1. Under 9 Å between Cβ atoms, which residue pairs at least 6 apart in sequence (or on different chains) link something in region 76-96 that is in contact (Cβ under 8 Å) with a residue 60 or more places away in the chain with a partner that is of a type in the set (Ser, Thr, Tyr) and in a helix (DSSP H, G or I)?
2. Given Arg77, Arg125, which one is among the charged types (D, E, K, R) and at pLDDT 95 or above?
3. Restricting to region 99-125, name every residue that is closer than 23 Å to Ala52 by Cβ and surrounded by 12 or more Cβ atoms within 10 Å (Cβ to Cβ).
4. Does Leu132 fit the bill of being assigned by TED's automatic domain parsing to the domain that holds Arg58, buried (at least 19 other Cβ atoms within 10 Å of the Cβ) and under 15 Å from the mean Cα position of the chain (by Cα)?
5. Within region 132-173, restricting attention to residues that are of a type in the set (Gly, Ala, Ser) and part of a loop (DSSP other than H, G, I, E, B), which residue is farthest from Phe49 (Cα to Cα)?
6. Among the candidates Leu126, Leu83, Leu112, single out the residue that is in contact with a strand residue (DSSP E or B) (Cβ under 9 Å, 6 or more places away or on another chain) and part of a helix (DSSP H, G or I).
7. Given (1) touching a Lys or Arg at 6+ places or on another chain (Cβ under 9 Å); (2) surrounded by 16 or more Cβ atoms within 10 Å (Cβ to Cβ); (3) more than 26 Å from Arg44 (Cα to Cα), identify the lone condition not met by Val162.
8. So, Ala145, is that one free of Cβ contacts under 8 Å to residues at least 60 places away in the same chain and of a type outside the set (Val, Ile, Thr) or not?
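The values are calculated or read from the model by the stated rules, or taken from the named source; none is laboratory data. As the structure is a computational prediction, the values presented were derived from the model and not from experiment. When we count neighbours, we look across all protein chains shown, and the Cβ atoms used for this are built from the backbone with ideal geometry, even at glycine.
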Amino acid sequence: MLKNGLIRLSFIAALLHPLAAVHINGLTFAKDETTSIGRAAETREVKLFLIAVNDAGRLGKKIGCGDSVVAVTRELRATRTPLRAALEELLRIPRTYGSDPELYNALYQSELRLVSVSVRRGMARLSFAGRLVIGGVCDGPRVQAQIEETALQFPTVKKVGVFINGAPLSAYLYRRLTVVRQRC
């Protein structure tokens, strides 16, 4: 009984004095953490997938043109829609990320906005609006792998459908590659 009373008092002290770290039954509540039951932190780790060019599958899953799609972990603000947050963060990453190894973001030139995300019966439907810019034939599989792998990390997602301006990504990439080939 005395122990429970002390735990309640310590918890109340943590709520009233958020500048200090308080230890209760092996849990630490610090000033940057929430103290509501069931939510220990305001951030969530997600994986964003980038490209190791000419890596041949050494660092990640092998994709077209001898590249690998590689996960990097980022902390994002906790949200009820982590898939959306992860994809929006992926769109914000610059051309290169890290230095050992340097990873490439095939989406860096694109002016895309995530319009909607839905997951039904394991199928994620990701709808983007804007302009997809690819740097050549190898960027097609890179873009597809980055988006799909970022979505597939979530346990409710088993398959991914990607749409840009209402058209499936595969048709959009095919149309873009046809235009590139005609110019050559």
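1. Close Cβ pairs (under 9 Å, with a partner that is of a type in the set (Ser, Thr, Tyr) and in a helix (DSSP H, G or I)) amount to Leu83/Thr150; Ala86/Thr150; Leu87/Thr150; Leu90/Thr150.
2. Arg125
3. Once the filter is applied, which keeps residues that are closer than 23 Å to Ala52 by Cβ and surrounded by 12 or more Cβ atoms within 10 Å (Cβ to Cβ), region 99-125 yields Pro101, Glu102, Leu103, Tyr104, Asn105, Ala106, Leu107, Tyr108, Gln109, Ser110, Leu112.
4. Here the answer is no, as Leu132 does not meet what is asked.
5. Gly166
6. Leu83 is the lone residue from the list that is in contact with a strand residue (DSSP E or B) (Cβ under 9 Å, 6 or more places away or on another chain) and part of a helix (DSSP H, G or I).
7. Looking at each condition in turn, Val162 falls short on (3).
8. No.
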